[in-house]
């Protein structure tokens, strides 16, 4: 039913081990990351220090310089043209090198929409800057009144000559405070029979008069997301992507790309590996947590599911490589991927014991005095990450919405 | 990293699919399971004629050099059809031992007739006290002149009821759970001192309790090295685990498909019950469990075919996955079929029972998870 269960492609027999060429590629990626990821960024990643805007941009420019920023883009737009094994190796090596995750809004989201549906002028204007991380993008989908029911969005874009007049509020906009541009789903027609009609995909310069960014502080105390207010913002008509009224279709494609990316299998794998190492260590001569079979059985159970997800992702990539766009099956990756991220977060909290409890975020800066630090390493961050990542089963379409999608589009219910 | 089947593998799958479509519907399966020997001798002859019984063996033995991938392809389809013919016992288990250990003479005596479908065979891999520990063997082997005398009890011998050949692991030395000192003997089913209590199992298969009292065997009965049988037993049971896990995944997939179809046609409160979100989400969970299990099965089969470093962990992982996900999918399929799901006449019940049995075979989910926690 899913992922090639009914059609049986023929070819070489199945193999799990890498070829010599793939191993060579792995070494190339490994040495590039080892030699080029700036040490301060690597340290921040290891020590739990939040990256600032400049860190992300520096890192992504580094990848762009090597031609490795847009892994999944078509080669003609600056993509890598890598096969499945190479993408898998790259994701694994990135995680193992303590390299930051790529901020997805430009490279992973609006980029594919622009090269798929945008005009030639839009491609020329926007794609190079996305590829080079010269422009920071953010996402304007959800609204205060439109969460799971995204099609009920109310932000309006009224045509007034050669520009749209945009009014409304977008919310949960991650890194909106850093962004130069925002891609939005807006309502260009209200006179429609289906609510999914009349929605358009619009690119808006965040420096336009009438755009206001209001921070939202999330559960762990950080400023990560924002509410974005549009008050009579003038947006040139040439910033409309594709046809007016087709935004829902474009937006769905984008969400499928987003969901494929949210599985984060390589990173969760790496976190689990680090947890095992942490658990094997004796703290001040005490029995290591790794001797606790109940805990280790939980770790093992998550590991099994994660290995399964790794192969579900590879099967999806294989389907995409054979010419299919990521379909509703990507919902399974999102569902399972976020569940497992959260399961690993819980294991970290469990492993930290009492030291999951001190609320001392200020100590996660480079060169914080060690004798004043509370807990081993980043122990006191475990609960903050756990709290923050409850978002994972909510964003990108809540996991219940994913189940609705699979039920309707995969199972035909 | 390639998930496509070779041409030969695809052809093998096609031939099994055709056989099932033409000759092996649920009604036929139920008839075979209820027959005196518990399977169809005619179907078994067909298996041999089509070459399926020869798949894992070398060319010298008239085989096709198949490995874990071929077994996976076959067993998944056997699962979908709930095949009761003793492929696991004869070909995967006994065949797995003979393929590795049998001398030329032993091959002509045992392996050839198994491949040709004339000889039924069983591997007596466990004993009543052993639970899932393969090394827990109290059956003894005492040297007696040129040969050996075997004493002991074997439990749950799959296909053991009328097997002409029973492979008996017995202990010539060491404590009752030592891995050293275990020797594999080929024993004729009708030998003096062998008594059998055959019985059907809950999933429509057949097994037997076998008691060995002063069973005399010659030195030509020893398979491989005396005392060195454990490693082979373990390797063969690992292959059997991969095989039953593939079968389980086939069952999980068809149970999910059938449940989805059923809920689309079953009308209550004036609408198909498939329109209820509470049921939709549960079917999505079933689908997810199938997809995850199939993914892990691919990995485990490929890792073992390639002899990858984590091949052994893959065995534990897939058996744990199939144990937990199979139980969930089986229970949900029954639940969503309502009372029909607990009737003997409906195939759903029998798929569920087979999944339950597979969950218990060769170590349950907890047992394998515990190995992974080390």
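Computed on chain B, with alpha-carbon pairs under 8 angstrom and 6+ residues apart, the relative contact order is 15 percent. First obtain the Kirkwood hydrodynamic radius of segment A:265-413 from its Cα pairs, then insert it into the Stokes-Einstein equation at 25 °C and 0.890 mPa s, and state the resulting D in µm² per second as a whole number. Using the Kirkwood radius from Cα pairs, D works out to 141 µm²/s. Once both axes come from the Cα atoms, what is the angle between helix A:53-66 and the longest principal axis of chain A, in degrees from 0 to 90, rounded to 10? So the inclination is approximately 90 degrees.
Relative to one another, the C-alpha centroids of segment B:304-344 and segment A:69-120 are positioned 35 Å apart. Simple spin-label estimate for residue A:191 and residue A:324 gives 4.1 nm between the two label positions (7 Å along the Cα-to-Cβ direction from each Cα). Rounded to the nearest 500, the helix-only mean residue ellipticity at 222 nm of chain A stands at -13000 deg cm²/dmol, with each DSSP H run of n ≥ 4 adding -39,500 (n - 2.57).
Taking the Cα atoms only, what angle lies between the long axis of helix B:311-336 and the longest principal axis of chain B, rounded to 10 degrees? Here the helix axis deviates by roughly 40 degrees.
Taking square-rooted eigenvalues a ≥ b ≥ c of the alpha carbon gyration tensor, is segment A:218-352 rounded, prolate or oblate, where a/c under 1.5 means rounded and, failing that, a/b exceeding b/c means prolate? Taking the square roots of the gyration eigenvalues as a ≥ b ≥ c, segment A:218-352 is oblate.
Across every pair of non-identical alpha carbons in segment B:7-119, the mean reciprocal distance, once inverted, gives a Kirkwood radius of 14.4 Å. Each peptide in A:185-194, A:300-309 gets a packing score, the mean of other Cβ atoms within 10 Å over its residues, and the list from highest to lowest is A:300-309, A:185-194. Rg/Rh for chain B (Cα atoms only, Rh after Kirkwood) is 0.98. Using all alpha carbons of the protein assembly as shown, what is the percent of pairwise distances in each 20 Å bin, ordered from the shortest bin to the longest? Each 20 Å bin holds this share of Cα pairs: 14, 42, 31, 12, 2, 0. What is the distance in Å between the Cα centres of segment B:92-156 and segment A:270-293? When both Cα centres are located, 43 Å separates them.
Using only the Cα atoms of segment B:142-182, build the gyration tensor, take square roots of its eigenvalues as a ≥ b ≥ c, and label the shape rounded, prolate or oblate: rounded if a/c is under 1.5, else prolate if a/b is larger than b/c, else oblate. Here segment B:142-182 falls in the oblate category. Separation of segment A:130-158 and segment B:41-81, taken as the distance between their Cα centroids, equals 55 angstrom. The peptide list A:32-44, A:127-139, put in order of mean Cβ contacts within 10 Å with the highest first, becomes A:127-139, A:32-44.
Modelled label positions at residue B:153 and residue B:18, each set 7 Å beyond Cα in the direction of Cβ, lie 4.9 nm from each other.
The relative contact order of chain A, computed from alpha carbon pairs under 8 Å that lie at least 6 residues apart in sequence, is 14 percent. Can you classify segment A:20-102 as rounded, prolate or oblate using the Cα gyration tensor, where a ≥ b ≥ c are the square roots of its eigenvalues, rounded means a/c under 1.5, and otherwise it's prolate if a/b beats b/c and oblate if not? Because a/c hits 1.5 or more and a/b fails to exceed b/c, segment A:20-102 counts as oblate.
Packing here is the average count of other Cβ atoms within 10 Å per residue, and on that basis the peptides B:162-175, B:98-111, highest first, run B:162-175, B:98-111.
Note on A:15-21: average number of Cβ atoms from other chains within 10 Å of each residue's Cβ is 5.
From other protein chains only, count the Cβ atoms within 10 Å of every residue's Cβ in B:302-309, then give the mean. Don't skip to the answer; put the middle values down first.
Values: counts 6, 4, 1, 5, 4, 1, 3, 1.
Mean number of neighbouring Cβ atoms from other chains: 3.
Here the relative contact order of segment B:7-119, from alpha carbon pairs under 8 Å that lie six or more residues apart, stands at 31 percent. For the segment A:309-318, counting C-beta atoms of other chains within 10 Å of every residue's C-beta and taking the mean gives 5.
Shown is the FRET efficiency for residue A:39 and residue A:280, computed with R0 = 25 Å from the Cβ-Cβ distance and rounded to the nearest 0.05: 0.45.
Summed over qualifying helices (DSSP H, 4 residues or more, each -39500 (n - 2.57)) and divided by its residue number, chain B shows a 222 nm mean residue ellipticity of -15500 deg cm²/dmol.
Working from label points 7 Å from Cα in the Cα-to-Cβ sense, the residue B:178 to residue B:344 distance is 4.9 nm.
Projecting the alpha carbon convex hull of chain A along each direction and taking the average yields 22.4 nm².
Readers should treat all values here as calculations from the given coordinates under stated rules, not as data from a laboratory. Predicted, not measured: the structure shown is a model, and the values here were computed from it. Neighbour counts are summed over all protein chains in view; Cβ atoms, including those assigned to glycine, are modelled from backbone coordinates with ideal geometry.
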